[in-house]
Amino acid sequence: MSYQDAPADWPAIELREIRVFLTLAQELHFGRTADRLRLSTSHVSQTIRTLEARIGGQLLERSSRHVALTALGERFREQLEPAFAAVQDAVDAAQRDARGLTAQLRLGFTETTEGPVLSRLVRGFQDLHPGCEVTLHEVEAFDPYSRLRRGEVDVLCHYLPVAEADLIAGPELAHYDLVLIVSDGHRLARRPCVSLEDLGEEELARLPSSFPAALHGLIPHFTPAGRPIRATGPVRTMSEILSLVAQGRIVWPAILPTRGLRDDIVAVPFQDLPPVAVALLWPASHTNACVPALAAVAASLTPHGGHPSRRARAQDRPLLTA
């Protein structure tokens, strides 16, 4: 029987009455029970009488020297103990989640979004919520949302825009300038900057279908003059992209890295592409109280409520090929 199906005349037993009964069933002594619960002995006695009246039967045999459970009381105790413990656990867990102080937060990132910005966010969050354990989990760069949707991570550090109805975009953590990475022998390698029009003479890689559709729009399909921007065969990993760039077979829009490019790859700034934002993303149905707490910390670390007014410094930038 579910709680919705309980009859209208079901006895309105209170949790405090059950707590007194279970404690008395352990102690079998009114005085010790009163001491444990910080109640008066008369209050314990009255509570038991009230509970027996609600049940409709005697739960304890008592005299001036002896307290014992009746057969009814023993069966009642056996059935109540696990249920009461479960209720206590549920209440404790709900209170912890509501405070956001003692829980676990699984923070996802790709190999391109891990870096100093993320580290500062985690440190700031842990300083405010030391009881919430943050664990970091790398997700696939070209399939970043799957683990979020499967509940394997609670929140994801990734790029905007996001056009997924089941995902929420939280505060932006940083803005990064785009560069074009080319082989060191490429015709554009010695240029001070490049433009979208230059891509009309080049080829990019084709990303897998698992890569978020909205992010494909960061690079248009046509140059400003209307020339198509061609895409060659599909790639599956970041290493494949870097290898193709180094061979001179493709060029690729990227964020200026901190870890250092390969010796055979050069980064040339774009002069006409806007910066890319990195933000926190989480499922719309998420209930982990640490997620909004993390978002609040993210907003406090960036100007204007989580919308950075400046672009991140070069030393802040993780390697991006997306």
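Here are some conditions: (1) under 30 Å from Thr135 (Cα atoms); (2) in contact (Cβ under 8 Å) with a residue 40 or more places away in the chain. Arg123 meets all but one. Which one does it not meet?
(2)
Select, from Arg120, Arg99, the only residue that is within 18 Å of Ala293 (Cβ to Cβ), modelled with pLDDT under 85, surrounded by 12 or more Cβ atoms within 10 Å (Cβ to Cβ) and not polar (S, T, N, Q).
Arg99
In this structure, does Ala165 turn out to be surrounded by fewer than 16 Cβ atoms within 10 Å (Cβ to Cβ) and either assigned by TED's automatic domain parsing to the domain that holds Phe142 or under 18 Å from Phe270 (Cβ atoms) (or both)? Break it down stepwise before answering.
Details: surrounded by fewer than 16 Cβ atoms within 10 Å (Cβ to Cβ): yes; either assigned by TED's automatic domain parsing to the domain that holds Phe142 or under 18 Å from Phe270 (Cβ atoms) (or both): yes.
Against the criterion (surrounded by fewer than 16 Cβ atoms within 10 Å (Cβ to Cβ) and either assigned by TED's automatic domain parsing to the domain that holds Phe142 or under 18 Å from Phe270 (Cβ atoms) (or both)), Ala165 qualifies.
Being within 37 Å of the chain's Cα centre (by Cα) and surrounded by fewer than 16 Cβ atoms within 10 Å (Cβ to Cβ): is that true of Leu173 here?
Criteria not met by Leu173.
Which of the residues spanning the stretch 208-244 are in a loop (DSSP other than H, G, I, E, B) and in contact with a strand residue (DSSP E or B) (Cβ under 7 Å, 6 or more places away or on another chain)? First the steps, then the outcome.
Let us first name the residues in the stretch 208-244 that are in a loop (DSSP other than H, G, I, E, B), namely 208-212, 217-221, 223-227, 229, 235-237.
Matches in the stretch 208-244: Pro208, Leu218, Ile219, His221, Ile229, Val235.
The values are calculated or read from the model by the stated rules, or taken from the named source; none is laboratory data. Nothing here was measured: the structure is a model prediction, and the numbers come from that model. Every residue, glycine as well, gets a Cβ built from its backbone with ideal geometry; the counts of neighbours run over all protein chains shown.
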